[in-house]
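Participant: Below is one structure. I have some questions about it.
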There are 8 protein chains.
Amino acid sequence: MGAKVAIVMGSQSDWETMTCAAEVLDELGVESDVRIVSAHRTPDRMYDFAKGAADAGFEVIIAGAGGAAHLPGMIAALTHIPVLGVPVQSKALSGQDSLLSIVQMPAGVPVGTLAIGKAGATNAGLLAAAILANHDAAVSQRLQDWRAARSAAVTERPVG
Amino acid sequence: MGAKVAIVMGSQSDWETMTCAAEVLDELGVESDVRIVSAHRTPDRMYDFAKGAADAGFEVIIAGAGGAAHLPGMIAALTHIPVLGVPVQSKALSGQDSLLSIVQMPAGVPVGTLAIGKAGATNAGLLAAAILANHDAAVSQRLQDWRAARSAAVTERPVG
Amino acid sequence: MGAKVAIVMGSQSDWETMTCAAEVLDELGVESDVRIVSAHRTPDRMYDFAKGAADAGFEVIIAGAGGAAHLPGMIAALTHIPVLGVPVQSKALSGQDSLLSIVQMPAGVPVGTLAIGKAGATNAGLLAAAILANHDAAVSQRLQDWRAARSAAVTERPVG
Amino acid sequence: MGAKVAIVMGSQSDWETMTCAAEVLDELGVESDVRIVSAHRTPDRMYDFAKGAADAGFEVIIAGAGGAAHLPGMIAALTHIPVLGVPVQSKALSGQDSLLSIVQMPAGVPVGTLAIGKAGATNAGLLAAAILANHDAAVSQRLQDWRAARSAAVTERPVG
Amino acid sequence: MGAKVAIVMGSQSDWETMTCAAEVLDELGVESDVRIVSAHRTPDRMYDFAKGAADAGFEVIIAGAGGAAHLPGMIAALTHIPVLGVPVQSKALSGQDSLLSIVQMPAGVPVGTLAIGKAGATNAGLLAAAILANHDAAVSQRLQDWRAARSAAVTERPVG
Amino acid sequence: MGAKVAIVMGSQSDWETMTCAAEVLDELGVESDVRIVSAHRTPDRMYDFAKGAADAGFEVIIAGAGGAAHLPGMIAALTHIPVLGVPVQSKALSGQDSLLSIVQMPAGVPVGTLAIGKAGATNAGLLAAAILANHDAAVSQRLQDWRAARSAAVTERPVG
Amino acid sequence: MGAKVAIVMGSQSDWETMTCAAEVLDELGVESDVRIVSAHRTPDRMYDFAKGAADAGFEVIIAGAGGAAHLPGMIAALTHIPVLGVPVQSKALSGQDSLLSIVQMPAGVPVGTLAIGKAGATNAGLLAAAILANHDAAVSQRLQDWRAARSAAVTERPVG
Amino acid sequence: MGAKVAIVMGSQSDWETMTCAAEVLDELGVESDVRIVSAHRTPDRMYDFAKGAADAGFEVIIAGAGGAAHLPGMIAALTHIPVLGVPVQSKALSGQDSLLSIVQMPAGVPVGTLAIGKAGATNAGLLAAAILANHDAAVSQRLQDWRAARSAAVTERPVG
């Protein structure tokens, strides 16, 4: 059976950020399908991907983009599957444009938006896993273990 | 069986916004459990709620708050269930503070953030339904119908 | 022969703003074709419209939208015809989100962006007319007259 | 016959950005005339250039400037030819000042504004070509080929 | 002999703000010459005014404008007389665009910028008076009296 | 007897900033107890710390965090002891998110917020000392001496 | 004996906001001394007040101001007593200017800054009380009771 | 006779910026008196300087500061001489805090504010010279020559 989580991004340059989503999903034993799908340069690919996402068996789509970031919202317009958006940090405006372009969706077409940059990509992976975990006890257990391990790793005092 | 979606908010004044989440869930035939849980005024209630959310059978928590909006992120720190955040529009800064306080979570504790204000509350309801719909064909069908009806309602030409 | 300028907007509520584009084009004797095309609620209509725009004889497309405003950029992704974008003033963020969502397009897919709100809509009409005027002496003359009349209407001293 | 596209900028330091406009026009086989015209240091040169632009045969003017960027708007005030503005990224405010100074023109004097920085300069070149392409089949074909080539170059998967 | 202070503004609608400059100058017994000079709609009038300002005997020019506010900076480019700028509060962005368009001038062409709105207009009048006061003992005395009276009017305790 | 000032921070990476608070307290002869307490990763530790802070003898708590910085506000929700907040400079938004997340607390739960980054951490230490100094003449004297020495160190003229 | 808390503000118009500080102190049985002290219009009064504050027996000073809000920081420069700052909501920029002018103090001169507007004023009163409560068991008890009562008043469910 | 222009700054670190003001005045043959005067660390020195400025023969005061930049406004509160403010670029907020702290002065106490950073410092020097030039023909001539030389130095075409 195929991956339940798709990770898409607008360009190769977004991969440095979005790899964090793939990595944390991998740590949690959740398979992901990673693709470049550009809303602006490959709109047909985007249409085909988004319209076929439900039939392809995806249960969550993670979409990352920067600047006038239209990819997450457009995918959300084309499928009823949950879409999570990652604002990639942009050069001039540090991701403020990316964030607003993704999060300020009109009523009717939601994108669950995470933080700007790598923290957001990691968290998109974690939130996707949490969504799957509602119906996958093994993922749920690994997610809870992952969280517990991170909590346990916090030292009592700073060093240095 | 109880509701699978919890809607929590920091104060009575947030209800004007958050009612949009409850309403759209109701339209989709999804039961929700609505509560006031203030991170700042009732931290113990928040802890008890969040820590007990999984056992209570919730599969998604929608949390709305304004200003230094800590409720969504703190609930996400206390449960592994998916948390969606709604930035309530604040008086002085129009929700810019609410948005940043909710969306800029550090790696490890995700909050899927929606738009500022009522559009965000409606979309939190829709995204919660989409999450449930992965394993509930009836909700999935109603969600797709709801979306199709909204698309069909868009007229070809503006009037007036 | 059909209109050379298309005016599209994301929803009926944008018409209060976008009517300014239609009005100024009408003053200049330039026909426009006005439609509601929502990137998020009617993505298929948007695809069909944008992909058919060149064959339909349009030489300029004016697109207005607010919030996470994806309409101008997505149309620009789907046609090689010049696209002008109007950021509609949004409720919470006064159009700052609309502006950044429209103007911050990545290299390769341009949207000529005008000011937030009605001034921007009027100017989109004027810029469309200026583009047509390069090859339409009558439009060029009316545009120059319109500008001259406005200049002449500026009084020497404020009153009141 | 002379160039139909003029590229002007406020200072030598803007050339690093504006060269992107000249380069993409060159790739599309569109001649451009590149000049330094400072609104603040050479206002007379700006007046002469802008007032003579129509008679010089220009059909589009691309103007780039940073900070309190008055060049695009002032040229637009002095000619009825279409003016495209490029906000050059400024030191302290990363081009936020440049963007607002260019895009927020009052009703009556439009500037079609592109993104901050090099992406905006490239897109100004592309939009100028799109405007010419309405009446130049060769440019239109090269523009469509350029776009198709860019779309084709998007790989299916990220690497690295 | 004519007025030493000119007050210019981009449009009639700016007068509600700029009247505060004229009023405070009047209170201080300083004559002002008030005009509408639009950078965008009447660029020739602006050129003539600014280039003739020194010969006309002006010692300070106060210029107010809103949005992409080019008037103060362009006048400063065209005369060596001190120019003070007043950012008029704009509709969508509350004068943030006006402020940045006026204050962020490049090295070489200064505009002494005051606060957004009426406070800024009043202060432009006061600063103009202070400049004249360096060589006009009567104005200096009235300015000092005006300031002393305002200080004396501050009550010890709030009421109500 | 134990320290009267606690310094807590969300992660090891905040220590580079928060060490400034510890250092200035040390210069003033005020003992501090430094800990890592993460609102998001160790919410239970935070609860225990904050609820026990009064009994532990703390009279001031300094809390530093970045991004969606919930630590200062949550501690303030859990104890009646004065809480001072330090917004740590974040990567994408330079601490603007940290600042708003800390300072914009709702009525009822105050956090005395200092500047973004190291200056804020130093000032949190100084403000904590000033609070103690109300009832500790030795600290008061050292604080006044520290301030006087800094004033005396300001040279009359810049060098270089 | 005199009040231990001084509340100062820049003008009568700030009283609508600052009254919230006085009111909550009154509820907590803490006397306050309320004055208008303008940094800009009555700098001598400000110097005298701030330099005499310690000898007058004040243990906390609450200072509110709007726009270029210099009062809290200047008082903090003139006394070693703890100073709390309240950014009054300004007309054009909604208190963003007030907030930055108060909170971004350089290392050496702290101002504990509260939220913009009335919430901030209430919280300044509460934080002042918390500071006094360290050495005043009665105030401490009333403060804890006040907080407990507010927590108890939070209903379980929203109404309406 | 002494200098007519004073240049003051809040700290040694501001000198890198403020030296641009001194340099351009030097180029124009205008003597300046340069001092460190900190509003926060040396408030008494600031009072003495500002109150004595008129008697010392100064006709313009240039004041530069960063962050919560109170120096220009406080000097303007203490003297009726024209004050020009230079917002020094700050670390976290790139001078946005400096700019708002300086420019947003309340009605009654003007500060003529220049751009953030070195451009602003240069322009403060030029504006000071322009103020003196009203009554000093030699300075006026040198200022006009300086401006003419800069205009003449603008090449027709960019190089490289």
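The values are calculated or read from the model by the stated rules, or taken from the named source; none is laboratory data. The structure presented is a predicted model; accordingly, all values stated were derived computationally and were not measured. Positions of Cβ are backbone-derived with ideal geometry, glycine not excepted, and every protein chain shown enters the neighbour counts.
Participant: What helices (runs of 4 or more DSSP H) completely inside the stretch E:1-112 contain at least 2 residues that are out of contact with any helix residue (DSSP H, G or I) (no Cβ under 8 Å at 6 or more places or on another chain)?
Facilitator: Counting at least 2 such residues, we get E:15-27, E:43-52.
Participant: Scan the stretch B:119-138 and tell me whether some residue there is surrounded by fewer than 24 Cβ atoms within 10 Å (Cβ to Cβ), facing another protein chain (nearest Cβ under 7 Å) and in contact (Cβ under 8 Å) with a residue 60 or more places away in the chain.
Facilitator: No.
Participant: If you don't mind, there's one more thing I want to ask. Would you say A:GLY2 is of a type in the set (Gly, Ala, Ser), on the phi < 0 side of the Ramachandran plot and crowded, with 21+ Cβ neighbours inside 10 Å?
Facilitator: So A:GLY2 does not fit the description; no.
Participant: Has the stretch H:18-26 got any residue that is under 24 Å from E:ALA115 (Cβ atoms), hydroxyl-bearing (Ser, Thr, Tyr) and at pLDDT 95 or above?
Facilitator: no
Participant: Turning to a different aspect of this structure: Filter the stretch A:1-10 for residues that are modelled with pLDDT of 95 or more, over 17 Å from A:GLY73 (Cβ atoms) and of a type outside the set (A, V, I, L, M, F, W, C) and give the result.
Facilitator: Here is the first cut: in the stretch A:1-10, the residues modelled with pLDDT of 95 or more are A:3-10.
Those still in the list that are over 17 Å from A:GLY73 (Cβ atoms) too: A:3-5.
A:LYS4, the sole residue that qualifies.
Participant: Here's another thing I want to ask about it. Inside the stretch D:47-103, can you point out the residues that are in contact (Cβ under 8 Å) with a residue 60 or more places away in the chain and closer than 25 Å to D:LEU132 by Cβ? Working first, answer last.
Facilitator: We begin by selecting, within the stretch D:47-103, every residue in contact (Cβ under 8 Å) with a residue 60 or more places away in the chain; these are D:59-60, D:62, D:64, D:71, D:75, D:86, D:88-89.
Passing the criteria: D:GLU59, D:VAL60, D:ILE62, D:GLY64, D:LEU71, D:ILE75, D:VAL86, D:VAL88.
Participant: Additional query: Suppose we keep only residues that are facing chain C (nearest Cβ under 9 Å) and of a type in the set (Val, Ile, Thr) within the stretch E:11-37. Which one would you say is nearest to E:ALA76 (Cα to Cα)?
Facilitator: So the residue we want is E:VAL37.
Participant: Just a yes or no: is a residue in the stretch H:135-149 outside any loop (DSSP other than H, G, I, E, B) and of a type in the set (Asp, Glu)? Before the answer, list the steps.
Facilitator: Initial filter on the stretch H:135-149 (outside any loop (DSSP other than H, G, I, E, B)): H:137-149.
Remaining after also requiring of a type in the set (Asp, Glu): H:145.
Scanning the stretch H:135-149, I find at least one residue that is outside any loop (DSSP other than H, G, I, E, B) and of a type in the set (Asp, Glu), so the answer is yes.
Participant: Of the residues G:ALA69, G:ALA39, G:ALA54, G:ALA92, which single one is in contact with a Ser or Thr (Cβ under 7 Å, 6 or more places away or on another chain) and within 22 Å of F:THR113 (Cβ to Cβ)?
Facilitator: Going through G:ALA69, G:ALA39, G:ALA54, G:ALA92 in turn, the sole match is G:ALA69.
Participant: Can you pull out the residues in the stretch F:113-135 that are of a type in the set (A, V, I, L, M), out of contact with any helix residue (DSSP H, G or I) (no Cβ under 7 Å at 6 or more places or on another chain) and over 30 Å from A:LYS91 (Cβ atoms)?
Facilitator: Within the stretch F:113-135, just F:LEU127 meets the criteria.
Participant: Still on this structure, please answer the following. For the stretch C:133-160, enumerate the residues that are polar (S, T, N, Q) and over 24 Å from E:ARG35 (Cα atoms). Walk me through it before giving the result.
Facilitator: First, pick out the residues of the stretch C:133-160 that are polar (S, T, N, Q): C:134, C:140-141, C:144, C:151, C:155.
Selection gives C:ASN134, C:SER140, C:GLN141, C:GLN144.
Participant: Out of the residues in the stretch H:18-39 that are touching a Gly at 6+ places or on another chain (Cβ under 6 Å) and under 27 Å from G:GLY108 (Cβ atoms), state the one that is surrounded by the most Cβ atoms within 10 Å (Cβ to Cβ).
Facilitator: H:ALA21
Matching residues to (1) modelled with pLDDT of 95 or more; (2) under 18 Å from D:SER101 (Cβ atoms); (3) surrounded by fewer than 24 Cβ atoms within 10 Å (Cβ to Cβ); (4) at the interface with another protein chain (Cβ under 7 Å from one of its Cβ atoms):
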residue: E:ALA53; (1), (2), (3), (4): yes, no, yes, no
residue: E:GLU59; (1), (2), (3), (4): yes, no, yes, yes
residue: E:ALA63; (1), (2), (3), (4): yes, yes, no, no
residue: E:MET74; (1), (2), (3), (4): yes, yes, no, yes
residue: E:PRO82; (1), (2), (3), (4): yes, no, no, yes
residue: E:GLY85; (1), (2), (3), (4): yes, yes, no, no
residue: E:SER98; (1), (2), (3), (4): yes, yes, no, no
residue: E:PRO106; (1), (2), (3), (4): yes, yes, no, yes
residue: E:THR113; (1), (2), (3), (4): yes, yes, no, yes
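Participant: Just to check your reading of the model, which residue among G:ALA119, G:ALA92 is more than 16 Å from the chain's Cα centre (by Cα) and aliphatic (A, V, I, L, M)?
Facilitator: On inspection, the qualifying residue turns out to be G:ALA92.
Participant: Since A:SER13 meets every condition but one in (1) under 14 Å from the mean Cα position of the chain (by Cα); (2) surrounded by fewer than 17 Cβ atoms within 10 Å (Cβ to Cβ); (3) among the hydroxyl-bearing types (Ser, Thr, Tyr), which condition does it not meet?
Facilitator: (1)
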